[in-house]
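Since the structure comes first, as structure tokens, the remarks are kept for the end.
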Amino acid sequence: MNKQKLTIIGIGHVGSYVLSDIVKLGLFSEIALIDSNENISKGEALDQLHANPFTFMPNTKVFSGTYQDCADSDLVIVSAGASIVPSEEEKMPDRALLAENSAKIIREIMANIVAHTNNAVLIFITNPVDTIVHIAENEFDYPAGKIFGTGTMLDTARLKRILADKYNIDPKSITAYMMGEHGMTAFPVLSRANIQGFKMSEWKDLFESAEIDQVSIKNQVVQAAYDVFNGKGWTNAGIAQAVTTLVKAVMLDERSVYPVSTTLRGQYGYNGNVTLSMPCIIGRNGIEKQLEIILDEEEEKMLRESAAYIQNIMSSVGAGIKSIS
């Protein structure tokens, strides 16, 4: 009997929340936890096992594991890495500040993963996620499409929440997404946004509201992350749902379309030299297809600015240089 298995690497604020949400899906019979502090992975596993007896919880085997558990895992989630720390002096610290430390950690993690598997789908959360995904995708021999990052999934959720509040509707009725960097230079693709088929040009009259300003919306989405961060010191609920959504899409072969972080292969004039979020079909093999949507002039400009910013971060940590075995 084939047991579906998940491995989660990094059991901090984000990893533990991801675990809690994913267990409730009931998609995995086994979940292995790996953390640089083994006491944390053991404690988290035991805590989850204590939740299993409750009525609506699946009897999932959760345990503290090792990288050998990647060998028979269907999916591996990586959330290990440094976190930005709140301070009174800097209210909007850039995720790019984590690049050097996170790059070192992810190279070590990838070396351990590829020593045991090149079959599992790998989903990265670690920031700065675009640079981290570029390292994982391009410095190690791994099948195309099986590595991607959460990218602007959370930025997109924040965009929908902002628009939903503006128009007093359910955010799930909105089709819209953010592209580019998961961070300061993410941008909304408003030229394609709609509410159950109603175009943006129709929103003003339908909802008796002022027109949307693209720059203002972009800034609100970026600020939303720091409203959470400066309030509680980290973010985890939203990103956990982003990961859970992607996990479900992979394990159920949904072929759902989401904006995830991936290395561009000819789209928008880039070929292997930048990784950012764009719409992709997500299924059992990970990214089944990258979807190059046509952007308007302003969005195209924002894409270039975001790509240039990501490339600068990549360059600072030598991202994309092929490792020598």
*State yes or no: is A225 crowded, with 20+ Cβ neighbours inside 10 Å, closer than 19 Å to L303 by Cβ and within 19 Å of the chain's Cα centre (by Cα)?*
no
*Among residues belonging to the stretch 25-54 that are among the aliphatic types (A, V, I, L, M) and within 20 Å of V121 (Cα to Cα), point out the one that is surrounded by the fewest Cβ atoms within 10 Å (Cβ to Cβ).*
L25
*asked:* Under 6 Å between Cβ atoms, which residue pairs at least 6 apart in sequence (or on different chains) link something in the stretch 231-243 that is among the hydroxyl-bearing types (S, T, Y) with a partner that is assigned to a helix (DSSP H, G or I) and open to solvent by 40 Å² or more (accessible area, probe 1.4 Å)?
replied: T235/V228
*Within the stretch 125-133, is even one residue over 25 Å from G197 (Cβ atoms) and part of a strand (DSSP E or B)?*
no
*Scanning for something within 29 Å of I31 (Cα to Cα), crowded, with 18+ Cβ neighbours inside 10 Å and not acidic (D, E), does the stretch 210-222 turn up at least one residue?*
no
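Rundown of residues vs (1) crowded, with 18+ Cβ neighbours inside 10 Å; (2) at pLDDT 95 or above, yes/no style:
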site: L6; (1), (2): yes, yes
site: V23; (1), (2): yes, yes
site: F56; (1), (2): no, no
site: T66; (1), (2): no, yes
site: C70; (1), (2): yes, yes
*Would you mind finding the one in I212, I239, I169 that is part of a loop (DSSP other than H, G, I, E, B) and in contact with a Leu (Cβ under 7 Å, 6 or more places away or on another chain)?*
I212
_Number of the exception - N230 against (1) farther than 30 Å from A111 by Cβ; (2) in contact with a helix residue (DSSP H, G or I) (Cβ under 7 Å, 6 or more places away or on another chain)_ = (2)
*Do any residues in the stretch 182-208 that are closer than 16 Å to L295 by Cα have Cβ atoms under 6 Å from those of residues that are part of a loop (DSSP other than H, G, I, E, B) and among the small types (G, A, S), where the two are at least six apart or on different chains, and which pairs are they?*
A193/A176; M200/A193
*Looking only at residues in the stretch 280-308 that are crowded, with 21+ Cβ neighbours inside 10 Å and of a type outside the set (A, V, I, L, M), which one is farthest from D74 (Cα to Cα)?*
S306
*Considering only the stretch 148-170, state which residues are more than 23 Å from G272 (Cα to Cα) and either among the hydroxyl-bearing types (S, T, Y) or surrounded by fewer than 18 Cβ atoms within 10 Å (Cβ to Cβ) (or both).*
T156, R161, A164, D165, K166, Y167, N168, I169, D170
*Considering G233, G180, which residue is among the small types (G, A, S), exposed (fewer than 13 other Cβ atoms within 10 Å of the Cβ) and at positive phi?*
G233
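The values are calculated or read from the model by the stated rules, or taken from the named source; none is laboratory data. Predicted model, so just to flag it, every value in this text is computed and none were measured. Cβ: placed from backbone, ideal geometry, glycine included. Neighbour counts: every protein chain shown. Note: areas computed on protein heavy atoms with side chains; ligands, DNA, RNA excluded. Shrake-Rupley method; radii C 1.70, N 1.55, O 1.52, S 1.80 Å.
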